[in-house]
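The block underneath contains the structure these notes are about, expressed in structure tokens.
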Amino acid sequence: MAASWGQVLALVLVAALWGGTQPLLKRASSGLEQVRERTWAWQLLQEIKALFGNTEYLMPFLLNQSGSLLYYLTLASTDLTLAVPICNSLAIVFTLIVGKVLGEDIGGKAVAGMVLTITGITVCITSSVSKTQGQPSHS
């Protein structure tokens with residue numbers, strides 16, 4: 001099953017929602033290690049309370065989860081051999097880009113990796129979408 005451009009865009013959006021929120025979640029949860037409780041159960045409850053009481057954490061978390069919902073909905077009509085590489089590979093690229101915007105040092109090897117990842121994903125997308133050109137729609 002080949003993918004349409006709409007499916008590809010949905011998968012890229014999933015990657016952006018997953019990858020783009022990771023640095024924000026990391027930043028917003030930075031004080032969590034200061035929560036100290038005697039039992040693991042009470043520790044867990046206090047950590048959940050600390051995270052979900054923090055809108056700086058909650059907003060990226062909800063965006064991240066909306067990406068998961070979109071991924072689930074898109075998988076119903078998209079080939080897994082295209083969906084998984086696009087979402088997982090591009091999520092890393094979006095994580096690096098947003099991390100860089102937030103001031104994190106990503107290094108030169110990461111940039112080279114991003115270029116290679118985007119090149120590979122472009123080949124996958126082009127190959128899959130070109131299969132649908134000229135074929136009747138089965139919607």
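Just so you know, all these numbers are worked out from the coordinates, no wet-lab data involved. Fair warning: this is a prediction, and the values are worked out from it, not measured in the lab. So basically every Cβ, Gly included, is an ideal-geometry build from the backbone, and we count neighbours across all protein chains shown.
Things to note:
- For the stretch 60-71, backbone phi angles converted through the Karplus equation (6.51, -1.76, 1.60; θ = phi - 60°) give residue-by-residue couplings of x, 4, 5, 5, 4, 5, 5, x, 5, 5, 4, 4 Hz, Gly and Pro being listed as x.
- Taking 0.36 nm per residue of separation and subtracting the current Cα-Cα distance, fully stretching the chain between Ser77 and Gln46 would add 7.1 nm.
- Length-normalised contact order of the chain in % [C-alpha pairs under 8 Å, at least 6 apart]: 42
- 3J(HN,Hα) along the stretch 77-83, derived from phi through the Karplus expression 6.51 cos²θ - 1.76 cosθ + 1.60 where θ = phi - 60°, amounts to 10, 10, 5, 4, 5, 9, 4 Hz, with x in place of Gly and Pro.
- Size of electric dipole in the chain: Cβ of Lys, Arg +1 and of Asp, Glu -1, about Cα centre, debye, nearest 20: 40
- Rg and Dmax of the chain, both derived from C-alpha coordinates alone, stand at 18.5, 65 Å.
- Estimated 222 nm signal from helices in the chain, with DSSP H stretches of n ≥ 4 weighted -39500 (n - 2.57), rounded to 500: -26500 deg cm²/dmol
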